Structures are given as structure tokens and as C-alpha cells.
Protein chains: 2
Amino acid sequence: MADGAAGPAPGPAPGPAPRRRRTAPDGAKGRARRRDVIAAATELYGEVGYRSASLREVAARAGLSHPGLLHHFGTKEALLLAVLEQRDEDDTVAFVEGRRGVAALAGMVDIVERNTHRPAIVELFCVLSAEATAPDHPAHDWFRRRYETVLAFAADAYRAAAEDGHLRAGVEPEDAARRLVALMDGLQVQFLYDRAGTDMVARLRDELRAELTVPLP
Amino acid sequence: MADGAAGPAPGPAPGPAPRRRRTAPDGAKGRARRRDVIAAATELYGEVGYRSASLREVAARAGLSHPGLLHHFGTKEALLLAVLEQRDEDDTVAFVEGRRGVAALAGMVDIVERNTHRPAIVELFCVLSAEATAPDHPAHDWFRRRYETVLAFAADAYRAAAEDGHLRAGVEPEDAARRLVALMDGLQVQFLYDRAGTDMVARLRDELRAELTVPLP
DNA sequence: CCTACCGATCGGTAGG
DNA sequence: CCTACCGATCGGTAGG
């Protein structure tokens, strides 16, 4: 993961020295600035999406001018990709952590549990993943790949659970993966409209209890 | 339903005759115009959301100028509410149709089946429902109520199924309703990223097969 | 990293 | 229902 969401990207092209680096290794101060800007963008993208979020508003929340922001990220699109890259890094740690079968499925529930207390992340994914269904959206390919990756991870987990004799007869790993991921996404929407009334973790555990022959840890 | 999504609305206020009606009863020609504009807006909102959709682009697709559009709808927000009202009318017919229990659940699957062939509607709901999670979004209350209504409808259906002896032991109607609606929403997102690989109807039937003691019609 | 500016586009109005 | 226009805001650049 942490690939950076491909796309041809206009690129530096041959010519004089590149005027602007897209990942400024300015040292500690620059890295802290970038971190603050990415945090502000994550928040605002979750509130109004990428398209409606202005560089000026992101910059103001991070405490600098919008040309100052562009000094660090180059273009609006590069900022979006930086936000997504950051998400990749954070999640990969929680995700890939060598778990398999039922433990891997429990790990997915853990991520949802964690997100219950980080609504900004829930908003970010909910709003961006919907906005980016448009094929020309700059995050479209990133989300398409993300779904491929997550669905494959879940299907592997179900397959391993079956090998361990922990999956009920008739539960197809690939179909169950589609349902589980859909359930996670749909519960996030309900959660954002009614936080008190939507127990995402409990509903996921309902689903897994019906599919598995062993209780979740 | 078909309430029009409340909100205080600046309103006409006392004073001289209102200069502009928000629902122009211009006769057949006006009604046809309004229909075309609503269709164009439905399409564009599904592509880029409400906030990023310009009145000029909607108007161009409907074949009139943007002040022409505003003659019919008054404000950008009024156009959005007209689109949602139209959705209410269309769905109420398919929905409330006096079915109960397992037949009502089957009716929800039928709606998804129908939407498989109307991707513009899927996009509209997917994109708008995510965008409108922001509390200050003009469609926020409409979606909040819609979820309440749909969740209550599904819970009623599960309860009736239980009365009929068609629900497996241990399936809680309200929890199952949350899961079913989440599944519908989440599958729509997967569908928009991978139409060929996402069989929404089959995955919903998987879920209902695990919950019911009788097969779906 | 700032101020100042650019051309483009936005929702809405004037006036007919 | 149109043309023409308004003030505001957009992403990005110049220049320092």
C-alpha cells in the first residue's frame, strides 16, 4: 500500500531545474507544517468534501496563507493525495499486522471500534469515497484500489477461517467479504446521521456471529 | 413523506406581493420545463454532488439559461429540495404499497433490483447522502428523516415476519433493520466502483436467507 | 512564507 | 425566458 494513487501526473518533464518539490523535505519545521496542513485538510474534506474545500480555508485552519500552503504541496490535487497517503500509512499498521482468519476479521472490527472515537476519519472516508465514485475524480483510482485491497483482505480472512473450521457451512468467503465491507460503509453513514443510535461495532458483531462457528475474541 | 424537508426557510415575509413563486404552476409547458430541469439536476448531483454542481451546468443540460432556471426554482437550494421531493414521490409508490413482513423485505430488494438499471439514481443517493451528513447541508434534515423512515419500515417488516414465524430465533428486528439498510448503502458504493463485480441483489438475498426461515419470493 | 494580483466561475439580480 | 451585470470566491502565479 502507500502507493500514492497513481495517475499519469503532469510530472516535472525535461527542462530547467524543477521549481517546486511536491514533498518538501524542509527538515523538522517543514515536516511539522505539512503535518498540520494535512490534519486541517482531513478535517475539512470530511466536512464538505474535496471539491468544495478551498485551499484558503485549509490554510487558515493550519495557520498560514494559501500561497504558503501551495509552497508545501504545489497543487490542490497534491494535497488530496498527501491526505490519502497519510491514511494509507496509518491504516496499514493497524491492518496488515500479520493476523489471519477470525483474528483478522476481529481486527477489522477493532478498526471500526477505533473510528467510533475519531469521527473526523469516518467523515473523511464517507464523504470522499462517495465523491470519488465520479470516474474523473482525482481520488477515484485510489479508492478503487483500496476497495480491491480491502475486499481481498477480507476474503482471505474468511477463507482462512474456513480452513480452521470456523466458518459456517454455506458462507462463501468472497460474498461474505462484500457484505462485511458494505456493512462497514453503510453503518458509517447511519452513524454520521445518528451517532447515539448507531452501534457500528455491535452490528458488525451480529453479522460475524451469524457467519462464524466461534465467538469473536 | 413528500414533506419537502422542512427548515425555517426565509419565507415570503409580510410585505408587497411575493415576486416569485417557488413552485410555478405555469401550466403544461412550465411543468415540462421543471421536469427537465429536475432530471438534469438529478444527473449532475449524482456526478459531482450538490455543492459543486453549478446552476449554469444544470441549466445548460436542460436547455435553458441559468436565470431561466432561477425563474422556475428561485434559488439553488429550492432546486435541490425539488429533486428530493421528486424522489420521495417516486419511491413512496414502490415502497408503501401495503406489503408487510417477508413481502415488504422482498419489496426492498426489488427497489435495489430496479436501481441496478438506473445508476443515476444510485449515484444521486450515494453522493448526496454522504455530502448531507454535514449538519448545515440543506438536505441534512431530509436524509435524517429518510433514514428514520426507512429504518422504521424495515424494522416493522422484520417484526411482522417474526409474528408470521418467518424470522430465525435470535434475530432482533431493529438490529436487522440497521444491518439491512447499511448493506444496501454500502453495496451501492461498491457498485459504483465496480459495477460488473458487485451483485447488490445477490448479496442482499444472502443476508435475508440467513435471517429468514422461508425463501424470498 | 508573505502581499498582491490574474482569469475563471460562482449564485443571484436588473430590466425588459 | 433572455442578455448583461453584480460582488464574492476560486486555484494558481509573480515577485520578493
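Within the range A:114-127, residues that are away from chain B (no Cβ under 14 Å) have Cβ atoms under 9 Å from residues that are in a loop (DSSP other than H, G, I, E, B) and open to solvent by 40 Å² or more (accessible area, probe 1.4 Å) in these pairs: A:Thr116/A:Arg195; A:Thr116/A:Asp199, counting only partners at least 6 apart in sequence or on another chain. Note on the range A:188-217: residues that are over 21 Å from B:Asp136 (Cα atoms) and in a helix (DSSP H, G or I) amount to 12.
Being at the interface with chain B (Cβ under 9 Å from one of its Cβ atoms) and under 17 Å from B:Thr198 (Cα atoms) is true for just one of A:Ala182, A:Ala210. Which residue is that? On inspection, the qualifying residue turns out to be A:Ala182. Of the residues making up the range A:160-196, those that are open to solvent by 40 Å² or more (accessible area, probe 1.4 Å), closer than 13 Å to A:Val102 by Cβ and not small (Gly, Ala, Ser) are A:Glu163, A:Asp164, A:His166, A:Arg168.
Only residues that are part of a helix (DSSP H, G or I) and either open to solvent by 30 Å² or more (accessible area, probe 1.4 Å) or of a type in the set (A, V, I, L, M, F, W, C) (or both) were counted across the range B:48-79, and they come to 19.
Restricting the range A:24-74 to residues that are within 14 Å of another protein chain (Cβ to nearest Cβ) and among the aromatic types (Phe, Trp, Tyr), the residue that is nearest to DNA strand C (Cβ to nearest atom) is A:Tyr50. Check whether at least one residue in the range A:90-99 is within 10 Å of DNA strand D (Cβ to nearest atom) and either assigned by TED's automatic domain parsing to the domain that holds A:Arg114 or surrounded by 17 or more Cβ atoms within 10 Å (Cβ to Cβ) (or both), and report yes or no. No, every residue in the range A:90-99 fails to be within 10 Å of DNA strand D (Cβ to nearest atom) and either assigned by TED's automatic domain parsing to the domain that holds A:Arg114 or surrounded by 17 or more Cβ atoms within 10 Å (Cβ to Cβ) (or both).
So A:Glu97 fits all but one of (1) at pLDDT 90 or above; (2) over 15 Å from the mean Cα position of the chain (by Cα); what number is the exception? The number of the failed condition is (1).
Among the residues of this structure, B:His66 counts as one that is within 16 Å of DNA strand D (Cβ to nearest atom) and of a type outside the set (Phe, Trp, Tyr).
The C-beta contact set for the range B:53-69 (first residue of a type in the set (Lys, Arg), second residue near DNA strand C (Cβ under 9 Å from one of its atoms), distance under 8 angstrom, 6+ apart or interchain) comprises B:Arg56/B:His66. One residue alone among A:Ala134, A:Ala120 is outside any helix (DSSP H, G or I), touching a helix residue (DSSP H, G or I) at 6+ places or on another chain (Cβ under 6 Å) and of a type in the set (A, V, I, L, M, F, W, C), and that residue is A:Ala134. Would it be correct to say that B:Arg144 is open to solvent by 40 Å² or more (accessible area, probe 1.4 Å) and more than 8 Å from chain A (Cβ to nearest Cβ)? No, not satisfied. Contact annotation: residue pairs with Cβ atoms under 7 Å, 6 or more positions apart or on different chains, pairing a residue in the range A:185-209 that is in contact (Cβ under 8 Å) with a residue 40 or more places away in the chain with a partner that is surrounded by fewer than 19 Cβ atoms within 10 Å (Cβ to Cβ) and of a type in the set (Asp, Glu), are A:Val201/A:Glu113. From the list A:Ala39, A:Ala104, A:Ala82, the one residue that fits, being surrounded by fewer than 19 Cβ atoms within 10 Å (Cβ to Cβ), aliphatic (A, V, I, L, M) and either assigned to a helix (DSSP H, G or I) or modelled with pLDDT under 95 (or both), is A:Ala39. The numbered conditions (1) touching a His at 6+ places or on another chain (Cβ under 6 Å); (2) open to solvent by 10 Å² or more (accessible area, probe 1.4 Å); (3) of a type outside the set (Val, Ile, Thr) are all true for A:Asp199 except (1).
Of the residues screened, A:Ala139 is not one that is facing chain B (nearest Cβ under 9 Å) and crowded, with 19+ Cβ neighbours inside 10 Å.
Yes or no, residue by residue, for (1) more than 13 Å from the chain's Cα centre (by Cα); (2) farther than 23 Å from A:Val189 by Cβ; (3) not aromatic (Phe, Trp, Tyr):
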position: A:Leu81; (1), (2), (3): no, yes, yes
position: A:Glu89; (1), (2), (3): no, yes, yes
position: A:Ile121; (1), (2), (3): no, no, yes
position: A:Pro135; (1), (2), (3): yes, no, yes
position: A:Tyr147; (1), (2), (3): no, no, no
position: A:Ala154; (1), (2), (3): yes, no, yes
position: A:Tyr158; (1), (2), (3): yes, yes, no
position: A:Ala162; (1), (2), (3): yes, yes, yes
position: A:His166; (1), (2), (3): yes, yes, yes
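The values are calculated or read from the model by the stated rules, or taken from the named source; none is laboratory data. Small disclaimer: the values here were computed from a predicted structure and weren't measured. Ideal geometry is used to build each Cβ from the backbone, glycine not excepted, and the neighbour counts take in all protein chains shown. Areas reflect the complete protein model, heavy atoms only, side chains present, ligands, DNA and RNA absent. Shrake-Rupley method; radii C 1.70, N 1.55, O 1.52, S 1.80 Å.
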